Amino acid sequence: MKRILFSFFASVLAVAAFAAELDLAGTWKLVKADDAKVSCPIVVPGGVHTALLKAGLMKDAFWGQNEKDMQWVGKSDWNISREFEVSKDLLAKKEIVLRLEDCDAFATIFVNGQKVGETTDRFQRYTFDVKPFLKAGTNTIEGRFRSPVPSLSSPRTRSRLSSSRSRSALRILQNYANDVSRLNGNHL
């Protein structure tokens, strides 16, 4: 039994010796996709509503009837970006991946202007190979988040979300779209 445990421990150490981590949490730039004038810092992990509220670009949705006036936030597409440094030592690693956890439903991720992947399910962890897109020195990362509201009417999106794994996400998005529609006096 001691040999098996020792062997497992040695394997973990060997993997750990080759692993490196670059934490991209912190302050990013948030921009409304169709209006660059609506822009502010956003803390990641974090959310669009919190960033806009902190920057004074929206009212508190929990005060009075403000929620109805703030629906534009959920109906809009948003981009977040930041720069980060990559050392030659990190670039020399055999594999470099980007791991996304709790990434809102519909996003396309770019590194140095090159698409590295897409997300479609907030409750799934995503891992993308980014080594081919990185360079030594300053790099950029951008996430382009699409509003789920218009996407729900797309047949392509409905078929992608109809798998058993994504049915709960579809239900959440449909409930959100129904709430938005009711607040605007419409019904789906």
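Quick one: in segment 53-92, of everything that is touching a residue at least 40 places away in the same chain (Cβ under 8 Å) and of a type in the set (Lys, Arg), which residue is farthest from Gly113 (Cα to Cα)? Out of the qualifying residues, it is Lys68. Every condition in (1) surrounded by fewer than 12 Cβ atoms within 10 Å (Cβ to Cβ); (2) in contact with a Leu (Cβ under 7 Å, 6 or more places away or on another chain); (3) in contact (Cβ under 8 Å) with a residue 24 or more places away in the chain holds for Ile141 except the one numbered (1). Pairs are defined by a Cβ separation below 6 Å, a sequence spacing of at least 6 or placement on different chains, a first member in segment 99-118 that is within 17 Å of Arg146 (Cβ to Cβ) and aromatic (Phe, Trp, Tyr), and a second member that is in a loop (DSSP other than H, G, I, E, B) and at pLDDT below 95; the pairs so defined are Phe106/Arg146.
When segment 61-87 is filtered for residues that are among the β-branched types (Val, Ile, Thr) and more than 16 Å from Thr140 (Cβ to Cβ), only Val73 remains.
Do the conditions hold for Asp89, that is, is it acidic (Asp, Glu), in a loop (DSSP other than H, G, I, E, B) and either modelled with pLDDT under 90 or out of contact with any Ser or Thr (no Cβ under 8 Å at 6 or more places or on another chain) (or both)? Answer is no for this residue.
For segment 95-125, a tally of residues being over 16 Å from His49 (Cβ atoms) and touching a helix residue (DSSP H, G or I) at 6+ places or on another chain (Cβ under 7 Å) returns 10. Residues that are in a strand (DSSP E or B), over 20 Å from Ser39 (Cα atoms), of a type outside the set (Lys, Arg) and modelled with pLDDT of 95 or more: does segment 99-111 have at least one? Yes, segment 99-111 contains at least one residue that is in a strand (DSSP E or B), over 20 Å from Ser39 (Cα atoms), of a type outside the set (Lys, Arg) and modelled with pLDDT of 95 or more. Identify, please: which residue in segment 21-51 is part of a loop (DSSP other than H, G, I, E, B) and at pLDDT 95 or above and is, among those, farthest from Phe110 (Cα to Cα)? Looking at residues that are part of a loop (DSSP other than H, G, I, E, B) and at pLDDT 95 or above, I get Asp34. Of the residues making up segment 52-81, those that are of a type outside the set (Asp, Glu) and assigned to a helix (DSSP H, G or I) are Leu52, Leu53, Lys54, Asn66, Lys68, Gln71, Trp72, Val73, Gly74, Lys75. A count restricted to segment 116-129 and to residues that are closer than 24 Å to Lys75 by Cβ, surrounded by fewer than 16 Cβ atoms within 10 Å (Cβ to Cβ) and either in contact with a strand residue (DSSP E or B) (Cβ under 7 Å, 6 or more places away or on another chain) or charged (D, E, K, R) (or both) stands at 1.
Taken together, the residues in segment 74-115 that are more than 12 Å from the chain's Cα centre (by Cα) and more than 20 Å from Val31 (Cα to Cα) amount to 13.
The values are calculated or read from the model by the stated rules, or taken from the named source; none is laboratory data. Remember, predicted model here, so these are calculated numbers, not experimental data. When we count neighbours, we look across all protein chains shown, and the Cβ atoms used for this are built from the backbone with ideal geometry, even at glycine.
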